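The values are calculated or read from the model by the stated rules, or taken from the named source; none is laboratory data. Computed from a predicted model, the values in this text were never measured in an experiment. Using ideal geometry, Cβ is built from the backbone for each residue, glycine included, and neighbour counts are taken over all protein chains shown.
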Amino acid sequence: MEDNNEKGREEIYSERVKAGKRTYFFDVKATRSNDYYLTITESKRKPRDDGFFYEKHKIFLYKEDFNKFVAALNTTVNHVKDELMPDVDFDQFDREHEESHEVANAGVSDSDSELKWD
């Protein structure tokens, strides 16, 4: 059986979100009985004497809790946006990310950034 850091649990789907010094991973995994669950991992690079290491925190989210989790997350984020920080333009963070991505890829055409299988 393949060891996939979760005692052989097969990874079905993954999304990565880079956020400054942190990276968030949203991974769908399957149990042996073909049931699915989500792991949310925060990974943060930390210095160490001989270089660096990654500090990781993981949440396991099971299907019976998906709707409650998403509802609570949306309610909490909307509270911060609407009640606590109504004057903040949260879209600016997406624009800043897009601008920094454009600068990093300046001079690289779309065809240059695609994977080549030849």
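Within the set of pairs 6 or more residues apart or between chains, which connect a residue that is surrounded by 10 or more Cβ atoms within 10 Å (Cβ to Cβ) inside the stretch 75-86 to a residue that is not in a helix (DSSP H, G or I) with Cβ atoms less than 7 Å apart?
Partner pairs satisfying both residue conditions: LYS81/PHE90.
List every residue pair whose Cβ atoms lie under 7 Å apart, where the two residues are 6 or more positions apart in sequence or sit on different chains, the first residue falls within the stretch 52-64 and is touching a residue at least 40 places away in the same chain (Cβ under 8 Å) and on the phi < 0 side of the Ramachandran plot, and the second residue, located anywhere, is in a strand (DSSP E or B) and surrounded by 11 or more Cβ atoms within 10 Å (Cβ to Cβ).
So the pair list comes out empty.
Given GLU2, GLU64, which one is modelled with pLDDT of 95 or more and either surrounded by fewer than 11 Cβ atoms within 10 Å (Cβ to Cβ) or more than 28 Å from GLU96 (Cα to Cα) (or both)? Let's see the steps before the verdict.
Values: GLU2 fails: modelled with pLDDT of 95 or more.
Exactly one of GLU2, GLU64 is modelled with pLDDT of 95 or more and either surrounded by fewer than 11 Cβ atoms within 10 Å (Cβ to Cβ) or more than 28 Å from GLU96 (Cα to Cα) (or both), namely GLU64.
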